[in-house]
Amino acid sequence: MDLGTGIFLSSIVLAVVILYGITKDRWHWRRIAKRAAFIFFGLIVIGTALGVGAYYWQELPQKIERQTAYAGLRLGMTQDEVMYVKGYPPFVLGEELTDPQWKGFMTVVDTKNLEKGKRAIDYRDWSYEEYEHNINAAFNPARTAVTVIQCYSKDKVYRCPELGGVRDGDSEKEVLRKLGNATSSKIDGVTKEMSYRDFNIEIWLTKEEVYMLALRDPSHRR
């Protein structure tokens, strides 16, 4: 307790003592004390109930609908629509990396250095670097519609947009609290993938923390 708080509380006690001395012959102080104690006890009970209720409310899975849009994009967009929203893609994704440590990742190609005759529209996967995270848009084999929108975060300062209430950096416990049990999950090396098919959401974790989120068209499951 600091000096200011101590002086304030002492002033209140002194004021009550003075008030009692002046009014003890006219006021029913025993009745007042009982009522004050009853009110104080009631406030404690109500505060405790509200605190417990808020805790259990936070522990319940959130009710969310099937997601169709993420990071300014939506499933089903054409290449022209994506470029209209995000601009010409600075990077495209090429072949999958052969290093087992980077399984599932693909080579990143600067669109300024594409092979002669190649354009971004010839690739199914586009990548946009935004601050310290990447937004990737994947198209169907015919390259006519977006089927996956993915965000990979490099750190927790400039974070990915939330998806279904989940953000990169959230713990696995937080994911389960917000979305409930996954439709399926699997561990591959140091990473874990959790799929929520009812919501079109996929989440990747490492060391029990989210580092990548994705929205996937249910008709284009792997």
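Just to be sure, is Arg119 on the phi > 0 side of the Ramachandran plot and among the charged types (D, E, K, R)? Taking the combined requirement at face value, the residue does not satisfy it. Among the residues of region 174-189, those that are touching a residue at least 12 places away in the same chain (Cβ under 8 Å) and β-branched (Val, Ile, Thr) comprise Val175, Thr183.
If you go through region 170-220 and pick out every residue that is of a type outside the set (D, E, K, R), modelled with pLDDT of 90 or more and under 22 Å from Ala69 (Cβ atoms), you end up with 19.
Considering region 72-86, and only residues there that are within 13 Å of Ile121 (Cα to Cα) and of a type in the set (D, E, K, R), the residue that is surrounded by the most Cβ atoms within 10 Å (Cβ to Cβ) turns out to be Glu81.
The values are calculated or read from the model by the stated rules, or taken from the named source; none is laboratory data. Computed from a predicted structure; not experimentally measured. Backbone-built Cβ (ideal geometry, glycine too); neighbour counts: all protein chains shown.
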